[in-house]
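The values are calculated or read from the model by the stated rules, or taken from the named source; none is laboratory data. This structure is a prediction, so every number in the text was calculated from the model and none was measured. Cβ coordinates were reconstructed from backbone atoms using ideal geometry, including for glycine residues, and neighbour counts include every protein chain displayed.
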Amino acid sequence: WPGGQKYFALSSGTTSDKKYIPVTSDMINAIKKSGMQQVLSLKNFDLPTDFFEKQILMLGSSTALMEQVDHFEGEISGISAANIPGWFGKFYKPGAEIASIENWDEKVKRIAKEAPGWDIGSISGIPSWVELMLKEIINYNNLNTIHDIWPNLHVYTSGGVAFEPYRKSMEKLLARPLIYIDTYLASEGYLATQKRPDTNSMALIVNNGVFFEFVPFVEENIDEEGRVKPGVKVLTLEQAAENTEYVLLISTVSGAWRYMIGDTVMITDKGKSEIKISGRTKHYLNVVGEQLSVQKMNMAIEKLEDVFNMEIKEFVASTVFENEEYIMKWILGTDKDIDIVKAAEVIDAELCDNNKNYKVARTKALKGVEVEVIPVEQFYSWSEEFKKLGGQAKIPRVMKEEAFNEFRDYVQQLA
């Protein structure tokens, strides 16, 4: 891209080894404009007039970027926070000094210590890490809920993963529900944000440094590594249809050209350019024709939560070959003891009801479903050891058999 780049964003590596994404000055300006669009859209929500005078807590990666010969490296949330506009500084928490702390536990302890002196109106960050932070603040300050010290907290801006699996457990930390707003800030750019109430769809941020294209997410378009095959038909937003699953391609002012970001989306309202993230191209189980997206898996988990009146904050699934047959195995992160045989039956029935390919696979090569339950903290221990705790780090929902078995061996050692 003309002018080169001062920064490289390190991807969290949920679908591959670590990637280095160029972040140009034009992209930083585009991200700032997208952030302003998100802030301005808050006028569409039912908020008190003094909300816009309150502070915003942004829980992201460290702003202490790694300096190389001719550029800096870090996660996109850290790069963005390191480039916030000067006028925003008086609203921004945890502030430059705490934001630069690289150690997650140390950063959260400092936030917990300083928290009573802040007047937070809005929080942003990945749900699992925001929840851990809120628990630490509540425990450190001996609170009942976070509203004991932040009575003006009204908005939570989620990003990175779907918020719904975390809603029940998050609301236990609150005196009242918040306004929940989804955003789509990826390492490659700020792509979409929820701009209105009464929907959980996000509006693509068009005419701002990113051009969006769509490839139908069907088997003939995707190779076994979850990549778009060469020569397939690519659609513009105008050509794409609503309520159809697509692989998202982007071209950006950082020099990306028809880049496959790895997410699958569904267009929910073409007129408003609104989408929902439905899953990942590689977080897609299709070992024996089951063709399961993360969206379908999330539906099965939500059903399980309803049946057992429980919370499942994290899970991972894999189809493995064991004892000469294929079994779909699920590891669920929850602190509640459940009947794992019944849990497998609930998941199986829900998937059969909502996915005809899965139902056919269950009559052929896919011989069964098995469930294991582990404390959710073991997922975070694995993330800390093999990926990174906090920031942009996300737990994968699908693993190939070898990676799944390694994960399973690791958590069994913790038991």
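If you go through segment 30-44 one residue at a time, do you hit one that is touching a residue at least 40 places away in the same chain (Cβ under 8 Å) and farther than 27 Å from Y259 by Cβ? Within segment 30-44, one or more residues are touching a residue at least 40 places away in the same chain (Cβ under 8 Å) and farther than 27 Å from Y259 by Cβ.
Scanning segment 394-415 for residues that are under 25 Å from N286 (Cα atoms) and modelled with pLDDT under 85 returns K394, I395, P396.
Mind checking which residues of segment 359-382 are within 25 Å of the chain's Cα centre (by Cα) and part of a helix (DSSP H, G or I)?
Matches in segment 359-382: V376, E377, Q378, F379, Y380, S381, W382.
From the set of residues in segment 278-300 that are aliphatic (A, V, I, L, M) and crowded, with 22+ Cβ neighbours inside 10 Å, which is modelled with the highest pLDDT? It would help to see each step written out before you state the result.
Narrowing segment 278-300 to residues aliphatic (A, V, I, L, M): 285, 287-288, 292, 294, 297, 299-300.
Checking the rest, the ones that are also crowded, with 22+ Cβ neighbours inside 10 Å come to 285, 292, 294, 297, 300.
Numbers: L285: 79, L292: 83, V294: 81, M297: 90, A300: 94.
The residue in question is A300.
Could you grab the pairs with beta carbons closer than 8 Å, sequence gap of 6+ or different chains, first residue in segment 85-107 and at negative phi, second one in a helix (DSSP H, G or I) and among the β-branched types (V, I, T)? So the pair list comes out as P94/I111; I98/I111; K107/I98. Residues being surrounded by fewer than 16 Cβ atoms within 10 Å (Cβ to Cβ) and closer than 16 Å to N286 by Cβ: count how many of those fall in segment 361-375. Of the residues in that region, 2 qualify. Checked against (1) more than 27 Å from Y20 (Cα to Cα); (2) in contact with a Ser or Thr (Cβ under 7 Å, 6 or more places away or on another chain), W257 passes all but condition (1).
Considering segment 376-393, and only residues there that are modelled with pLDDT under 80, surrounded by 21 or more Cβ atoms within 10 Å (Cβ to Cβ) and out of contact with any Phe, Trp or Tyr (no Cβ under 6 Å at 6 or more places or on another chain), the residue that is farthest from A317 (Cα to Cα) turns out to be G391. The set of residues from segment 39-63 being under 19 Å from F88 (Cα atoms) and assigned to a loop (DSSP other than H, G, I, E, B) comprises K54, L59, G60, S61, S62, T63.
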